[in-house]
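So the structure is just underneath, and the comments pick up after that.
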Amino acid sequence: MPLTERHVTPSILSADFSRLSSHVRELMDEGCRVIHCDVMDGHFVPPITFGPMVVSALRESLPDDAYLDVHLMIERPERHVAEFAKAGADGITIHVESTPHIDYTLAAIRDGGAKAGLVVCPGTPADHFAQADDLDLALIMTVNPGWGGQPFLRSQLDKIRRVREMLPDVTIEVDGGVNPTTGAECAEAGATWFVAGSAIFGADDPIAAYHEIAKAVGAE
Ligand code: DX5
Ligand code: ZN
């Protein structure tokens, strides 16, 4: 799947975990092609969420042409990326704050056959993106990582513009507080992938919410 297309990437963090595969299938039936999976280790961020076994189960619920976007909020991701790639992650994104070995870890992701992404927290400058060799995806957190349902940080819009200038061709993903209004602002600033958790799974009609965000950001 080409990363250059515009996508809303539903975050299953806010989904009903007892019916993850049916949530995912319903979204795929509506044209969604990217699912965002938030892996948290209880150290880099306080909560603990999913590991490679859930990634593997999710991958089995997805059609071949779908993309499983794995956002690692874990310390020392270099110790785990091979396992997540083997479990079926199509893309793996690591935090610049989580390891001193950025290029090594990005290379290990690619060696595992996945696309390599780098992500910065709201307080971390955008310059890190320029320092990484060969990036498939730049993720800009628009909340502090760890929880769904937090308000969008408007201060990050300038960072999105700056990264778009620095990296004209890279996929820029935004994550946190995305809804039709904030998503449209991110799109205008240069983002092309839009993670949405609570705005989709917290809605009375998650499918309608998905389409509303997709239309607002120009993804359909
Ligand atoms: C937060 C996660 C997000 C989260 C976003 O650390 O990285 O992917 O699910 O949730 P919302 O869309 O509710 O802000
Ligand atoms: Zn995320």
#### Entry: Furthest towards positive pole of dipole, Ala209, Ala187, Gln156, structure part the range 139-215, Cβ charges
Gln156
### Task
Indicate the gyration tensor shape class of the chain (rounded, prolate or oblate), computed on the Cα atoms with a ≥ b ≥ c the square roots of the eigenvalues: a/c under 1.5 is rounded; otherwise a/b larger than b/c is prolate and the rest oblate.
rounded
## Note on the structure
Asserting the computed 222 nm helical MRE of the chain (DSSP H runs at least 4 long, -39500 (n - 2.57) per run, divided by residue count, to nearest 500) equals -10000 deg cm²/dmol
## Note on the structure
Quick shape summary for the range 1-115, equivalent ellipsoid via Cα gyration tensor, semi-axes whole Å in descending order, reads 23, 16, 12
#### Entry: Rounded D (µm²/s) - the range 125-220, Kirkwood Rh over Cα pairs, Stokes-Einstein at 10 °C, 1.306 mPa s
117 µm²/s
### Task
Take every Cα pair under 8 Å in the chain that's 6+ residues apart, average their separations, divide by the length, and report that relative contact order as a whole percent.
21 percent
## Note on the structure
Here the percent of antiparallel bridges among DSSP beta bridges lying wholly in the chain, to the nearest 5, is 5 percent
### Protein-only accessible surface order, largest first, of Glu78, Glu212 at 1.4 Å
Glu212, Glu78
### Query
So between Asn144 and Ser61, what do we pick up on full extension, going 0.36 nm a residue minus the alpha carbon distance?
27.0 nm
### Task
Provide the percentage of antiparallel DSSP beta bridges, counting only those with both residues in the range 1-108; round to the nearest 5.
10 percent
### Task
Specify which residue in the list Leu135, Ser98, Pro145 is farthest towards the positive end of the charge dipole of the range 75-165, using unit charges on the beta carbon of Lys, Arg (+1) and Asp, Glu (-1), about the Cα centre.
Pro145
### Query
Mind checking which lysines have their C-alpha under 24 Å from Lys215, skipping anything on the same chain fewer than 8 residues away?
Lys159
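What full-extension length gain, to one decimal in nm, is calculated for Arg154 and Lys86 as 0.36 nm per residue of separation minus the Cα-Cα distance? Don't skip to the end; give the middle numbers.
Details: separation 68, 0.36 × 68 = 24.48 nm, distance 3.63 nm.
In short, 20.8 nm is gained.
Relative contact order for the range 1-124 using alpha-carbon pairs under 8 Å, separation at least 6, rounded to a whole percent?
Working: 205 pairs, mean separation 25.2, N = 124.
Relative contact order here is 20 percent.
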### Query
What is the distance, in nm, between label points placed 7 Å from the Cα along the Cα-to-Cβ direction at Arg161 and at Phe17?
4.0 nm
### Message
At 7 Å along Cα-to-Cβ for each site, give me the label-to-label distance between Met53 and Asp103 in nm.
### Response
3.8 nm
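The values are calculated or read from the model by the stated rules, or taken from the named source; none is laboratory data. On a predicted model such as this, the values are computed, not experimentally measured, just so you know. Note that we place each Cβ from the backbone using ideal geometry, even for glycine, and neighbour counts take in every protein chain shown. Surface accessibility is based on the protein's heavy atoms, side chains included, excluding ligands, DNA and RNA. Shrake-Rupley method; radii C 1.70, N 1.55, O 1.52, S 1.80 Å.
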